[in-house]
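Below is one structure, written out as structure tokens; comments come after it.
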Amino acid sequence: MSNTVAIVDDHNLFAKSLQNLVNSFEEFEVSGLYKNGQELVEFFGANRPKPDIVLLDIKMPIMDGPETMAWLKENYPEQKVLALTMEDDEETIFRMVKFGCRGYLLKDIDPDEFRYALKQVIYEGYYYTDAVSEAIENQGRAKPFENLSAREVEFLSLACTEMTYKQVAAKMNLSPKTIDGYRESLFNKLNVRSRIGLVLFAIKHKIYLI
């Protein structure tokens, strides 16, 4: 039996091409095409069978990717969602991961890797590339609080919010230079390379609850 995939993307030509690609994979079939998050919300509200995976674009009219992800987190937290977008800035990835997105892919991804990503989300629960993937793997080996000071834990918790590092420094009554030191120290101690890695570690070990 094939796993069902819902495609949420406002670019009709791309969505149709993506539908053909997904349907060419023997393990998957597209169950529906939606032009924005609002259309997906309406489908979910119709009490029909939910897709196994939602492929979600970021920039869309009416209801964009982060807004849709936030709604799913609130109403259907177990729904597997894989972002597929051209947006590769860290802030967007950061927000989507916080909302529970199971993976984040760029639209220029190789078809074989795309198929692998779909399978990983189904069977392993997530698929993150580069720094995000590395962060998750490292977290499985890391001891949660080894060598972390109370102030580092406080910084880690604040880093999970949408505050800038400058705002975190003000909140902790520290200089931006000291905050940079905390960040680099945690990168080394937790063996992660980005703020996203810090967030994933904090969520996994319940330093920050989403």
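I want to confirm something. Restricting to the range 16-30 and keeping residues that are touching a strand residue (DSSP E or B) at 6+ places or on another chain (Cβ under 7 Å), without any contact (Cβ under 8 Å) to a residue 40 or more places away in the chain and not acidic (Asp, Glu), which single residue is least open to solvent (accessible area, probe 1.4 Å)?
Per the criteria, the residue is VAL30.
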Quick check on the range 36-51. Is at least one of its residues in contact (Cβ under 8 Å) with a residue 60 or more places away in the chain, among the acidic types (Asp, Glu) and either in contact with an Asp or Glu (Cβ under 9 Å, 6 or more places away or on another chain) or assigned to a helix (DSSP H, G or I) (or both)? no
Residues to consider are PHE99, PHE94, PHE28; find the one that is of a type in the set (Phe, Trp, Tyr), in contact with a Pro (Cβ under 8 Å, 6 or more places away or on another chain) and under 17 Å from TYR127 (Cα atoms). PHE99
Only one of ILE203, ILE207 is among the hydrophobic types (A, V, I, L, M, F, W, C), modelled with pLDDT under 85, over 15 Å from the mean Cα position of the chain (by Cα) and within 20 Å of LYS98 (Cβ to Cβ), namely ILE207
Checking the structure you have, find out if any residue of the range 114-128 is more than 30 Å from ASN191 (Cα to Cα) and either part of a loop (DSSP other than H, G, I, E, B) or at pLDDT 90 or above (or both). no
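Would you be able to say whether some residue in the range 52-74 is open to solvent by 30 Å² or more (accessible area, probe 1.4 Å), free of Cβ contacts under 8 Å to residues at least 60 places away in the same chain, in a strand (DSSP E or B) and more than 23 Å from ILE203 (Cβ to Cβ)?
Pass one, the range 52-74, residues open to solvent by 30 Å² or more (accessible area, probe 1.4 Å): 52, 59, 61-62, 64, 67, 70-71, 73-74.
With free of Cβ contacts under 8 Å to residues at least 60 places away in the same chain added as a condition, the list becomes 59, 61-62, 64, 67, 70-71, 74.
In the following step, the residues that additionally are in a strand (DSSP E or B) were identified as none.
So far as the range 52-74 goes, no, none of its residues is open to solvent by 30 Å² or more (accessible area, probe 1.4 Å), free of Cβ contacts under 8 Å to residues at least 60 places away in the same chain, in a strand (DSSP E or B) and more than 23 Å from ILE203 (Cβ to Cβ).
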Across the range 75-100, what is the number of residues that are modelled with pLDDT of 90 or more, within 11 Å of the chain's Cα centre (by Cα) and open to solvent by less than 30 Å² (accessible area, probe 1.4 Å)? 4
Among residues of the range 152-180, those that are open to solvent by less than 40 Å² (accessible area, probe 1.4 Å) and over 23 Å from the mean Cα position of the chain (by Cα), counted: 4
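The values are calculated or read from the model by the stated rules, or taken from the named source; none is laboratory data. In this text, all values refer to a predicted model and were calculated from it rather than measured experimentally. Because the Cβ atoms are built from the backbone with ideal geometry, glycine has one as well, and the counts that use them run over all protein chains shown. Side chains are part of the model used for accessible areas, which takes the heavy atoms of the whole protein and leaves out ligands, DNA and RNA. Shrake-Rupley method; radii C 1.70, N 1.55, O 1.52, S 1.80 Å.
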